[in-house]
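*Asks:* Handing you a structure now.
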Amino acid sequence: MKKIFLSVVSVAAFFVAGTVNAQTEFQYRRSSLATIMLDTHDGTLEAQAGIKKVLVETYNAKPTPDKYNDHNLKVRSLDARKLPKVTKEEIAVYEKGGKMAAVAKAAKSAVAVKSDAEYIAQLMKWMEQNHVAGQMVSKWFDISSTPKADGQYWSLSLIAERGLKGYSAEEIQAAKEAKGGENKLINGAIFDLIPNTFLAVTRYSFTSAEEIIELTAGPVVMANAQSSNPLVAKGAILAIEALKKTIQGYFVNTKTYLFQMDWSAEKFEEFGTVLASNDGKKINSFVNSSAFTMKYVGQTSKFAPACMTVSLNNESKELIKRATLRSTDAVIAKLQQEYDVFKTLAPIYIEGKDITALIGMNEGLEGGEKFEVLELSIDEKTGQTVAKPVQKITAIKGKVWDNRAGAAEEAAEKKEGEDAAALGKTYFKGKAKKLMPGMFIRQIK
């Protein structure tokens with residue numbers, strides 16, 4: 001594989017393309033993310049065309065989260081009614097006990113309630129039929145149907161742009177001078193970047209407080225409220241009443257399914273041979289075959305309060321927009337917390353004894369969360385990123401930045417929470433003397 005790349009591409013151009021980015025402070029190899037909205041034609045949204053319009057426009061205008069590279073494909077939305085049919089056996093692969101029944105019950109207002117397992121099975125089949133993984137790879141290698149100016153049907157420009165982040169000028173120069181060093185950097189970038197390519201498919205519903213309470217309380221509490229045992233019933237009713245005091249009005253409920261590129265050394269070798277042929281027909285046929293696949297990682301959901309009544313005045317539209325942005329960000333943050341493979345890094349800043357980072361409530365922080373501080377370097381043998389743990393730090397309660405959508409405006413409206421919105425960063429407890437700029441943090445459980 002190493003000889004293949006050297007014989008068909010100008011590695012000098014690769015290094016020149018990435019040198020500028022390598023000099024930028026706090027640059028590193030980020031995971032890449034494509035996002036798609038799944039229109040399930042949920043009854044609560046279909047009945048409110050104006051609300052759905054605000055939600056869809058907000059989603060379409062929302063940029064890729066800043067800690068991921070934008071790897072969006074041409075497809076940005078899917079009609080759930082046009083997804084391929086799946087068998088019970090295919091659905092069963094993604095089922096998880098009795099949770100599906102509880103979710104379906106809570107979503108009783110939907111026109112046609114499907115389980116998450118059915119949606120996942122349909123999405124997996126849709127990705128297979130439409131060669132979505134191949135499209136991801138095609139974007140990485142800038143594959144075209146006609147030869148480029150240099151006569152090649154592909155290039156390493158995007159891998160160069162994203163893959164040299166985190167390298168110092170000295171490391172790049174050392175790689176140029178070392179025997180085989182260029183190949184190590186190229187291969188290392190490929191194996192850092194491509195396996196960490198994700199697809200997030202998100203669906204929305206516009207949900208009443210009553211439905212959220214059913215989902216939040218859970219089937220056991222709801223059933224206990226009808227218990228013949230007066231003590232059990234009273235306890236359940238008190239729990240439900242407490243929820244009613246805090247959960248009122250209407251909410252944007254967001255569910256996201258996460259998928260990841262299935263990439264291996266074997267696929268890399270096979271694909272490298274195809275690229276080396278520089279046969280445009282052969283290359284395009286390969287990426288549009290079943291050679292590449294996606295794998296299911298997991299799912300999660302979050303909801304955010306939108307408005308007290310269903311209306312379409314300017315104030316309600318702004319609240320629905322804010323709720324859409326917040327619930328979408330919250331579900332991405334929750335996926336990061338629940339699935340290690342999807343976790344992101346954030347640079348730390350040292351200001352005297354203060355340790356800070358530009359993350360906050362938008363990333364799901366409340367205070368008390370633990371992080372490991374990492375020192376990044378490049379493995380000389382593989383060219384891949386190595387993260388060395390330095391110490392652990394903790395987000396300080398009361399000093400977590402409220403960087404959620406509309407936080408500053410909300411604080412001004414309510415005359416409260418202004419300090420959190422104005423912090424501009426989150427503070428951490430730890431030993432600042434042992435840390436330095438250029439290190440990164442990653443949340444741990």
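The values are calculated or read from the model by the stated rules, or taken from the named source; none is laboratory data. Just so it is clear, the model here is predicted, and its values are computed rather than measured. Note: ideal-geometry Cβ built from the backbone for every residue, glycine included; neighbour counts use all protein chains shown.
*Asks:* Quick one: in the stretch 21-38, of everything that is modelled with pLDDT under 95 and of a type outside the set (F, W, Y), which residue is surrounded by the fewest Cβ atoms within 10 Å (Cβ to Cβ)?
*Replies:* E25
*Asks:* Quick one: how many residues across the stretch 367-383 are touching a strand residue (DSSP E or B) at 6+ places or on another chain (Cβ under 7 Å) and crowded, with 18+ Cβ neighbours inside 10 Å?
*Replies:* 5
*Asks:* Any idea which residue in the stretch 45-70 is farthest from D329 (Cα to Cα), counting only those that are under 14 Å from the mean Cα position of the chain (by Cα) and of a type in the set (D, E, K, R)?
*Replies:* Once the filter is applied, the top-ranked residue is D70.
*Asks:* Hey, any hits in the stretch 369-381 for a residue that's modelled with pLDDT of 90 or more and either outside any strand (DSSP E or B) or among the aromatic types (F, W, Y) (or both)?
*Replies:* yes
*Asks:* List every residue pair whose Cβ atoms lie under 6 Å apart, where the two residues are 6 or more positions apart in sequence or sit on different chains, the first residue falls within the stretch 387-404 and is over 13 Å from G430 (Cβ atoms), and the second residue, located anywhere, is modelled with pLDDT of 95 or more and among the polar types (S, T, N, Q).
*Replies:* Going by the 6 Å Cβ cut-off, the qualifying pairs are V400/T426; W401/T426.
*Asks:* Further, regarding this structure: When you go through K244, K281, K234 one by one, which is the residue that is out of contact with any helix residue (DSSP H, G or I) (no Cβ under 9 Å at 6 or more places or on another chain) and either within 30 Å of K334 (Cβ to Cβ) or modelled with pLDDT of 85 or more (or both)?
*Replies:* Working: K244 fails: out of contact with any helix residue (DSSP H, G or I) (no Cβ under 9 Å at 6 or more places or on another chain); K234 fails: either within 30 Å of K334 (Cβ to Cβ) or modelled with pLDDT of 85 or more (or both).
Selected residue: K281, the only one of K244, K281, K234 that is out of contact with any helix residue (DSSP H, G or I) (no Cβ under 9 Å at 6 or more places or on another chain) and either within 30 Å of K334 (Cβ to Cβ) or modelled with pLDDT of 85 or more (or both).
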